[in-house]
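J.: Handing you this structure, nothing more for now.
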Amino acid sequence: MHILVGDNPFHGIKHLAQSEARFRGGIRDVSYAVKLVLMSRDAGANGFMLSVSDTTLAILRGIRDGVTNDFTIAAIIPYAYEYVRKSTVVGVIGLVKEFVNNVTRTLNIRAMYHALRAGMNLDLVDGLKALVDYELNRVKDSYGSKPWTLMLHELIVDTLIPYGLVDVIAEVLEYIRGRGIVPGVETRNLPTVYDALRNYSIIDYVVFAAPFNAVGFQMSPSRELYEEFVRRNPGKLIGFSVLASGLLSPRDALEYVARFRDYLLGISIGVSREGQVSVFKLARELLG
Amino acid sequence: MDKAKVAIIGFGKMGVLHGALVNATGLGEVVAIVDKDRRLLKALNELFRNKVRVTDNIEELRDIGVDVVFITTPIPSHYSIAMEVLKLNAKGLFIEKTLTDSTDKSNKLLNTIGNGVIGVVGFQKRFIPTFRKLKDLIQNVSLNEIRSIRAYAYSEDFLGVRGAPGLLGPRGGVLRDLGSHAVDLLLWLLNAKDASIINMGIVRTEDAPCGEVQINALINGVDATISTSWCKEGFRVPEVGISVITDREEVFVNDYEIVIRRDNTVEKTYEAQLEEPVRYLLGAPEYYREDEAFLRSVVAGNTALDCASFRDGVLVDWFIDEALRVYNAHTSGR
């Protein structure tokens with residue numbers, strides 16, 4: 001069972017009440033975040049799930065010498081918040097231009113090739129392939145090795161699916177697999193997204209990350225359909241928001257998750273204080 | 001009509017979001033996208049491979065027979081585009097907030113829209129369960145008991161951005177772009193048909209370095225203050241908060257929680273505790289709920305009671321224009 005440290009507290013995110021994250025100020029000190037990840041590892045966590053950003057890349061640099069090869073890195077791309085914020089400021093076309101400029105500065109030939117094609121034609125598939133290469137390169141530079149899985153962020157997946165653009169997602173997932181990495185999908189609409197992808201051959205290799213908790217928090221369209229998915233597709237889902245962003249006590253949350261321990265691929269839990277890392281010990285006890 | 005044929009005009013961030021949600025509801029299908037950017041049109045044509053009509057010409061929507069149009073372009077273009085769309089005989093028109101960039105234009109739009117057309121303005125915050133709960137609470141309180149209301153609409157969208165637009169400048173200014181959410185919620189909560197602006201000013205503080213617009217007003221006789229800024233640190237996503245202070249208690253509500261302080265007790269309820277999952281979650285649940293309510297009304301031919309109507313949109317634009325008039329009169333020394 002993958003029991004991963006989540007990165008939301010490191011980005012100052014608390015889905016339950018952003019005002020509480022604001023009050024706590026998030027975790028601005030990267031060395032403290034590194035300490036939390038390593039303490040979580042000592043308590044039972046065996047990996048780190050992160051959206052690729054300057055903050056999480058700095059954390060990866062901080063932990064690389066303190067963890068062993070079997071410490072799992074699950075990377076989600078892109079860090080959507082930054083991209084959405086930039087698109088508000090410079091517009092979608094401006095965002096594409098800025099991305100192409102960033103990629104060309106990396107001198108990563110593969111990423112540059114796709115980015116330039118994307119820039120010239122505004123081709124979505126090329127843009128996403130450039131994103132894969134660009135972010136993969138950043139993770140490798142920071143951590144020293146590839147992540148175990150590279151997952152497409154919900155903003156991409158959950159937007160493209162209703163437009164029927166499943167081919168685009170499948171092609172990019174194939175591309176990730178071609179880079180020797182487990183392709184992944186992060187979504188808040190797991191049953192719908194899985195149904196859309198199920199007839200593509202890549203589905204056999206894809207892992208999913210989605211909310212999974214006792215109260216159905218952010219599980220659209222319903223908790224029951226997520227439970228059904230997990231039972232029918234063992235070893236496919238890494239559940240996050242298992243504590244429902246703090247709505248549930250760790251024991252209540254993990255006892256619910258433990259009912260699915262034979263079906264889940266893993267879980268991810270975010271911690272923002274040293275006193276919270278014991279949740280990983282409890283998770284290990286209940287989930288194995 | 002089982003499913004509405006929908007056109008999206010303006011395929012930026014909000015157009016993409018609404019289009020996806022339209023399809024996800026099962027009540028509508030995006031059949032056309034209109035945008036003026038030639039490169040984007042070419043890319044979309046290749047992406048959708050004729051499954052969706054992609055054009056820069058609104059008139060083409062007539063050939064397709066669209067039932068519903070979403071206008072998600074920058075605010076200053078809403079009026080001219082909407083007037084063109086109203087000639088198409090569509091049954092529903094959704095305009096992302098604000099309705100237009102002036103009361104005059106919004107009034108003209110209101111007077112032009114036919115009785116058979118459902119017109120809605122995208123004030124999705126009304127669909128957040130915390131604010132709906134606040135509306136229930138306020139309906140059980142006499143307005144005389146409310147001592148004051150303080151509201152904010154903050155984001156950090158332009159925090160640290162070089163060359164950020166002026167607070168009252170392009171994109172409709174922060175008042176239209178962001179503050180309008182707080183204005184709409186206050187007018188909706190108080191069932192207001194009118195208001196009077198007492199003062200408006202811009203304050204600069206360390207936590208909002210690009211400035212914060214503050215409006216003092218009387219809404220249905222209630223003393224109300226609205227503050228808005230788009231460079232307020234910690235507001236990762238745009239957020240509205242409202243404090244209602246009565247003789248008995250203080251009720252604070254924002255997008256995420258309700259906090260009631262009464263007799264030294266604090267009672268907190270999270271939005272997540274009030275919410276039922278939506279069929280498809282993208283962005284935030286309120287976007288889905290708003291689009292679903294609107295499309296359900298169009299398909300059934302009923303008025304979209306839960307959504308902000310064009311009449312509501314006119315009132316918001318009037319409030320903002322009046323605040324700007326008071327501000328300009330004050331700063332010009334008159």
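J.: Quick one: 3J(HN,Hα) in Hz for the range A:205-213, Karplus 6.51/-1.76/1.60 with θ = phi - 60°, rounded, Gly and Pro as x.
T.: For the range A:205-213, the Karplus curve yields 9, 7, 10, 10, 10, 7, x, 8, 7 Hz.
J.: If you count, for every residue in B:39-48, the Cβ atoms of partner chains within 10 Å of its Cβ, what is the mean?
T.: Numbers: counts 6, 4, 1, 3, 7, 2, 0, 5, 9, 3.
The per-residue average across the peptide is 4.
J.: Still on this model: How many partner chain Cβ atoms sit within 10 Å of a residue's Cβ in peptide A:154-165, on average, as a whole number? It would help to have the intermediate numbers written out before the result.
T.: Numbers: counts 2, 4, 0, 1, 6, 8, 3, 5, 12, 11, 6, 4.
Per residue, the average neighbour count from other chains is 5.
J.: Does chain B come out rounded, prolate or oblate by the C-alpha gyration tensor, with a ≥ b ≥ c the root eigenvalues, rounded set by a/c under 1.5 and, if not, prolate when a/b is larger than b/c and oblate if not? Mind dumping the intermediate values first?
T.: Values: a/c = 1.72, a/b = 1.47, b/c = 1.17.
The shape class here is prolate.
J.: Then there is this: Find the centroid of the Cα atoms in the range B:21-84 and in the range B:172-215, then give the distance between the two in whole Å.
T.: Answer, in whole Å: 31.
J.: Continuing with the same structure: What is the Å³ per residue value for the convex hull set by the Cα atoms of the range B:25-119? It would help to have the intermediate numbers written out before the result.
T.: On the way: hull volume 9.6 nm³, N = 95.
Considering the Cα atoms of the range B:25-119, their hull volume per residue is 101 Å³.
J.: So which cysteines of chain B have no other cysteine's Cβ under 4.7 Å from theirs?
T.: Flagged as lacking a Cys partner: B:CYS307.
J.: Amide H to amide H, which residues 5 or more places from B:THR246 or on other chains are under 5 Å from it, using H placed in the peptide plane?
T.: B:ARG147, B:VAL251
J.: Looking only at the protein assembly as shown, where both bridge partners belong to it, what percent of the DSSP beta bridges are antiparallel (to the nearest 5)?
T.: The antiparallel fraction comes to roughly 40 percent.
J.: Right, another one. If you average the sequence gap of Cα pairs under 8 Å that are 6 or more apart and divide by the length of the range B:59-100, what percent do you get for the contact order?
T.: Normalised by residue count, the contact order of the range B:59-100 is 53 percent.
J.: So, one more: Run lengths n ≥ 4 of DSSP H only: what is the helix-derived mean residue ellipticity at 222 nm for the protein assembly as shown, with -39500 (n - 2.57) per run over all residues, to the nearest 500?
T.: Theoretical 222 nm ellipticity from helices: -13000 deg cm²/dmol.
J.: Further question: Report, to the nearest 10°, how far helix B:129-139 tilts away from the longest principal axis of the Cα atoms in chain B, using its own Cα long axis and a range of 0 to 90°.
T.: Value to nearest ten degrees: 50.
J.: Would you mind pulling out the separation of the Cα centroids of the range A:92-154 and the range A:219-288, in Å?
T.: After rounding, the separation between the Cα centres reads 32 Å.
J.: Determine which lysines satisfy two conditions relative to B:LYS232: a Cα distance under 22 Å, and not lying fewer than 8 residues away in the same chain.
T.: Result set, ordered by chain and number: A:LYS14, A:LYS86, B:LYS13, B:LYS97, B:LYS125.
J.: Most fluctuating residue of A:MET39, A:MET151, A:MET49 in a GNM of chain A with Cα springs under 10 Å: which is it?
T.: Its mean-square fluctuation being the largest, the pick is A:MET39.
J.: Binning at 10 Å from 0, report for chain A what percent of all alpha-carbon pair distances ends up in each bin.
T.: 6, 29, 37, 23, 5, 0
J.: Decide, for the range A:196-244, between rounded, prolate and oblate: order the square roots of the alpha carbon gyration tensor eigenvalues as a ≥ b ≥ c, take rounded if a/c falls under 1.5, and otherwise choose prolate if a/b is larger than b/c, else oblate.
T.: prolate
J.: Now for a different question. Rounded, prolate or oblate: pick one for the range A:135-288, where a ≥ b ≥ c are the square roots of the eigenvalues of its C-alpha gyration tensor, a/c under 1.5 means rounded, and failing that, prolate if a/b is larger than b/c, else oblate.
T.: oblate
J.: Calculate how steeply helix A:80-106 sits against the longest principal axis of the alpha-carbon atoms of chain A, using the helix alpha-carbon long axis, and give the answer as 0 to 90 degrees to the nearest 10.
T.: Taking Cα atoms only, the helix is inclined about 60 degrees.
J.: Note down the relative contact order for chain B as a percent, whole number, built from C-alpha pairs under 8 angstrom at least six residues apart. Intermediate results must be reported in sequence, preceding the final value.
T.: Working: 680 pairs, mean separation 69.4, N = 334.
Reported as a whole number, the value is 21 percent.
J.: Moving on to the next point. Relative contact order (percent) for chain A, with alpha-carbon contacts under 8 angstrom and 6 or more residues of separation?
T.: Over chain A, the number comes to 21 percent.
J.: Here is a further query. Could you work out the mean count of beta carbons from other protein chains within 10 Å of each residue's beta carbon in A:243-250?
T.: The mean count of partner-chain Cβ atoms within 10 Å per residue comes to 1.
Readers should treat all values here as calculations from the given coordinates under stated rules, not as data from a laboratory. What you see is a predicted model; the values in this text were computed from it and never measured. When we count neighbours, we look across all protein chains shown, and the Cβ atoms used for this are built from the backbone with ideal geometry, even at glycine.
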